[in-house]
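What follows draws every value from the coordinates through simple rules; no lab data is involved. For clarity, every value in this text was computed on a predicted model and none was experimentally measured.
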Amino acid sequence: MFVMASRQAIVQEGESVVARRESCCSAYHQAVELIGKRWTGAIVFVLLDGPLRFSEVKVLVPDLSDRLLSERMKELEAEGIVERRVIEEMPVRVQYGLTAKGRALEPAVRSLKVWARSWL
């Protein structure tokens with residue numbers, strides 16, 4: 001939930017100008033810190049098209065080490081963004097997929113990619 005700051009009067013050379021600004025709430029800050037953590041956004045992005053095995057994520061996110069991928073997957077799982085699914089076959093397979101909470105990030109993640117292609 002966003003919290004609106006109250007109207008502030010800005011006094012400039014004797015004139016009063018009223019500006020309405022939205023304050024940065026802690027939930028927004030937490031979301032940016034989470035998804036902005038190194039490699040996290042890329043991992044979420046490649047999972048948008050469906051579940052993947054650990055090795056498949058690693059191929060789709062170049063330069064990501066096994067250790068860091070494992071760490072990020074655990075963080076995303078703890079946040080309820082990614083779920084780990086064990087498929088009982090021989091050999092046993094493990095897939096990672098986005099939860100409803102993770103899929104809800106899709107508009108933001110895809111918009112960020114469009115912005116990055118235009119501006120970076």
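Per the Debye calculation on segment 30-81 with a single equal scatterer at every Cα and no solvent contribution, log₁₀ I(q)/I(0) for q = 0.31 Å⁻¹ amounts to -1.51. Extension gain for Glu79-Glu56 works out to 6.1 nm (0.36 nm per residue, less the C-alpha to C-alpha distance). The gain in end-to-end length when the Ile87 to Arg110 segment is fully stretched comes to 5.4 nm, 0.36 nm per residue minus the alpha carbon separation.
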